[in-house]
């Protein structure tokens, strides 16, 4: 039953700590009962391939664990749209997205209203929030529909080996980071074509404001998109354990250094990232953009430093015992 133990070990990484032991025992009892019933039907012990089939049918460890989160009922309008496996991540990302959108609106709408000499109506605030709700919900509905086709394609025989002292690891956070990166990358990729996604009704006033980006902005935009896609690929490989931890951290450091390089070049290109016939609008737009670049630089610098320290610590622990 080594394969069963490896499966339960993987499920436990995604479970809430307070209920982890009880849930694992419940899953063990259910799976053992299913295995015993199958063996009774066949009149012999199951072969490893048959046990793989039972575990594969039971579900991906991450999705199985998602069913056990408290207050996790899913989203349904007549029929289920988002299942309990993805619903906790949907709630978190939706709240974060709405918070970011509301923060942007608090900065952009007053500037637009002042430049256009118009009032801030409730619809100008509510419409972007409603749009974000529908966009994020649609993405998660598509993820839920496709999870059995591509997210749930996994091989139980490739589960990590049993550990004498299983660690909690960052597995649950990896799932959250991956889904958040998918949503964020799509959001950023679609924003140039549909600026309404970021600015809401304020996007209707962009022609009147005559904002013009700097000449090299297209190059920077595609460099940022390539870096985001690289991080998305890295998180996908890490999520499904297709990349060793040390190589994943090294790749993470490389991507963060590349992002730092892009950010430093952006800072050197400032402060006139955009121009406009309305000086006040251009000033606040450039100031907010510069703040975002500095914040991104700080995040990547902290992440690269943390990854380098972890790599150094792991290599130090693997030194030959003769040094001591």
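Each Cα pair under 8 Å and six or more residues apart adds its separation to the average, and for region 210-324 the resulting relative contact order is 35 percent. Annotation: peptides 187-193, 128-134, ranked by per-residue average of other Cβ atoms within 10 Å with the highest first, follow the order 128-134, 187-193.
None of the figures in this text is laboratory data; all of them are computed from the coordinates on show. It should be emphasised that the depicted structure is a prediction, and the values quoted were computed from it without experimental measurement. Note: ideal-geometry Cβ built from the backbone for every residue, glycine included; neighbour counts use all protein chains shown.
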